[in-house]
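Report on the structure given below.
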Amino acid sequence: MESTDKVVETVIVGNYVEMESEGKPNNNNDIKSKFSNLFWHGGSAYDAWFSCASNQVAQVLLTLPYSFSQLGMLSGVSFQLFYGLLGSWTAYLISILYIEYRTRKEREKVDFRNHVIQWFEVLDGLLGKHWRNVGLVFNCTFLLFGSVIQLIACASNIYYINDNLDKRTWTYIFGACCATTVFIPSFHNYRIWSFLGLLMTTYTAWYLTVASLLHGQVEGVKHSGPTKMVLYFTGATNILYTFGGHAVTVEIMHAMWKPQKFKAIYLWATLYVLTLTLPSAASVYWAFGDLLLDHSNAFSLLPKSPFRDMAVILMLIHQALPFFITFGFACTPLYFVWEKAIGMHECKSMCRRAAARLPVVIPIWFLAIVFPFFGPINSSVGSLLVSFTVYIIPALAYMFTFKSAAARENAVEQPPKFVGRWAGSFTINIFVVVWVLIVGFGFGGWASMTNFIHQIDSFGLFTKCYQCPPPPGSPPPFLPHVGAPRPSPANITHHHHL
């Protein structure tokens, strides 16, 4: 057994030394090369940490106070801590399966120099085509709607700076901006953007915290949550979505020079994200209470100021401006899948690859216009897609990959002692599958879809300006809480203040 371990270790080290040389940029001394290496070519553990943290927090930061109003303060904090830990565990599982898959393939002399490994390929290599097909469907659908949510968030945010244009028009504009992400080759090239993105969301989180505390509690503030099961599980699934950002784990790992260092990176990224999400969500909820039930974007309740405008602008840059960050994180894996489907993935011309990628942006643009329900759509995606994509499927895949004694004995990475080795890791995985299937997908799916359908009934598809204040002289807005009496169609407009 000892000699086997040594052989495995030697193979792994050899493989990753080769991967380092393939991924690292040239160390030429000219200024252009140094500049490119500093800002463009990233593959270190620090780059991976910045990528994970900036991708995880993003626009969902603005909807967490809304979730707190649905859950109440205690449940809001508890679910953040719980799902943060659960997400870190399943990200660890994905990283182990990636290393297992890559090591097996490189023992077979498979060359990945011009190929980006993706999650569905890991499932295919370890468990077969049926697992690949299920993983591909869930992963692509989740990333598609994740990109849609980024686009919706951009239109929602910019409206609070300039309301001369409605949110649908802003969606058209930002859809065109997002199309420029087709020019970013891979996750190697997000080094400076990930760093800046995390700075931007850090500023926004602390702006929300400080501004809410300085504003103080509104007159007659109430903190009555939780009041309804539908709202409670809708809020819980939004937090499930918040800590389900590791659908791009494999692509981030593949961009690393030493992917075996990834194992604990997502956990450290999550711990940092919690220092942003907990204070900001708790402070905004403390200040505005139940008013948040009708304002899914936290910016809508804070008074206009240069600091708020700066936070909005930074979030916009982080989400979707050309060559920037979160939209690209969600969309880049879709570009890879599309390239592989049409045979363009190994093409060396970036211009040809960029042109081939453009059709991916069109359905994202269209869906953002059809379903502009910022907040409710997050919960729906969380319950129906995130629950399987990054929680249930990785946990099941891990158990099926290592179900035989031979597979466990020859595993590249053994489970850590503090979780109880194989017995402990399998027990945790069974808990993850049962919990997420019942609470996340079951109750969460029922609640979030009930709320989502309610938004469609109240506002309609293709609504021009979701959650916009009514124009002067219009009748008082109907507030469509789940369970509220349905008004007659004559009284419904598309300018309600949800």
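The values are calculated or read from the model by the stated rules, or taken from the named source; none is laboratory data. Since the model is a prediction, treat every value here as computed from it, not as a measurement. Every residue, glycine as well, gets a Cβ built from its backbone with ideal geometry; the counts of neighbours run over all protein chains shown. Note: accessible area is taken over every heavy atom of the protein model, side chains too, but ligands, DNA and RNA are not part of it. Shrake-Rupley method; radii C 1.70, N 1.55, O 1.52, S 1.80 Å.
In the set Ser88, Ser44, Ser95, Ser51, only one residue is modelled with pLDDT of 90 or more and closer than 30 Å to Trp206 by Cα; that residue is Ser88.
Within the range 293-308, the set of residues being among the aliphatic types (A, V, I, L, M) and touching a Ser or Thr at 6+ places or on another chain (Cβ under 8 Å) comprises Leu293, Ala298, Leu302. Looking at Leu267, Leu271, just one residue is over 23 Å from Val137 (Cα atoms) and either crowded, with 16+ Cβ neighbours inside 10 Å or charged (D, E, K, R) (or both), and that residue is Leu267. Among helices (runs of 4 or more DSSP H) entirely within the range 145-254, having at least 3 residues that are of a type in the set (Val, Ile, Thr), modelled with pLDDT of 85 or more and under 25 Å from Asn451 (Cα atoms) singles out 229-242.
Yes or no, residue by residue, for (1) assigned to a helix (DSSP H, G or I); (2) modelled with pLDDT under 85; (3) open to solvent by 10 Å² or more (accessible area, probe 1.4 Å):
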| site | (1), (2), (3) |
| --- | --- |
| Trp365 | yes, yes, yes |
| Ala368 | yes, yes, no |
| Pro372 | no, yes, yes |
| Leu385 | yes, no, yes |
| Phe388 | yes, no, yes |
| Ile393 | yes, no, yes |
| Tyr398 | yes, no, no |
| Arg408 | yes, no, yes |
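Of the set (1) modelled with pLDDT under 90; (2) more than 25 Å from Glu121 (Cα to Cα), all apply to Thr275 but (1). Residues satisfying the criterion are present in the range 59-73 (criterion: part of a helix (DSSP H, G or I) and open to solvent by 30 Å² or more (accessible area, probe 1.4 Å)). Condition test on Tyr92, is it closer than 21 Å to Leu143 by Cα, open to solvent by 10 Å² or more (accessible area, probe 1.4 Å) and among the hydroxyl-bearing types (Ser, Thr, Tyr)? Judged against the criteria, Tyr92 is a match. Ile161 passes every criterion in (1) more than 30 Å from Gln414 (Cα to Cα); (2) without any contact (Cβ under 8 Å) to a residue 40 or more places away in the chain apart from (2).
Answer yes or no as to whether Cys347 is free of Cβ contacts under 8 Å to residues at least 40 places away in the same chain, in a helix (DSSP H, G or I) and over 28 Å from Leu93 (Cβ atoms).
no
Contact map, the range 264-281: residues that are closer than 22 Å to Phe68 by Cβ and aromatic (Phe, Trp, Tyr) paired with residues that are at pLDDT below 90 and assigned to a helix (DSSP H, G or I), Cβ distance under 8 Å, separation 6+ or inter-chain. Pairs shown: Tyr272/Ala53. For the range 324-353, residues that are open to solvent by less than 40 Å² (accessible area, probe 1.4 Å), over 23 Å from the mean Cα position of the chain (by Cα) and aliphatic (A, V, I, L, M) total 1. Considering the range 95-119, the residues that are over 17 Å from Ala407 (Cβ atoms) and free of Cβ contacts under 8 Å to residues at least 24 places away in the same chain include one that is least open to solvent (accessible area, probe 1.4 Å), namely Val110. Taking the residues in the range 199-238 that are within 19 Å of the chain's Cα centre (by Cα) and open to solvent by less than 10 Å² (accessible area, probe 1.4 Å) as candidates, determine which candidate is nearest to Phe307 (Cα to Cα). My answer is Thr204. Residues satisfying the criterion are present in the range 278-290 (criterion: under 21 Å from Ala211 (Cα atoms) and within 18 Å of the chain's Cα centre (by Cα)). Being closer than 30 Å to Leu461 by Cβ and either in contact (Cβ under 8 Å) with a residue 24 or more places away in the chain or not aromatic (Phe, Trp, Tyr) (or both) holds for only one residue in Tyr207, Tyr232, and it is Tyr232.
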